[in-house]
Amino acid sequence: MSSLKRSLYGLKQAPRAFHSYLVKGLEKQGMKQSHLDPCLFIGDKVVADTFVDDCLFWAKDEKDINALLVRLRND
């Protein structure tokens, strides 16, 4: 995480460093990255779409999204 913190302060590579960190976190939570669209992650109950340092989440129940976000924050 220290390399992430160092690269987040105004450097050109900051969005790429955050995206790499986010991809690792989503995969750690059991979400699979799509082969056709590497910005799309599919889990059992949640689908996530990422673009550089932004995320969009879909689920039938908002509680599933909140649970995923809590797990991402705790890791």
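Rule-based calculations on the coordinates, nothing more; no lab input. Bear in mind the structure is a predicted one, so any value in this text is a computation, not a measurement.
Remarks
- Under the Karplus curve 6.51 cos²θ - 1.76 cosθ + 1.60, θ = phi - 60°, whole-Hz ³J(HN,Hα) for region 32-45, x wherever Gly or Pro sits: 9, 7, 5, 6, 7, 9, x, 8, 9, 10, 10, x, 5, 10
- Relative contact order of region 17-75, pairs being alpha-carbon contacts under 8 Å that are 6 or more residues apart, as %: 25 percent
- The angle between the Cα long axis of helix 62-74 and the longest principal axis of the Cα atoms of the chain comes to about 30 degrees, rounded to the nearest 10.
- Each semi-axis of the equivalent ellipsoid for the chain is √(5λ) with λ an eigenvalue of the Cα gyration tensor; in descending order they amount to 23, 14, 10 Å.
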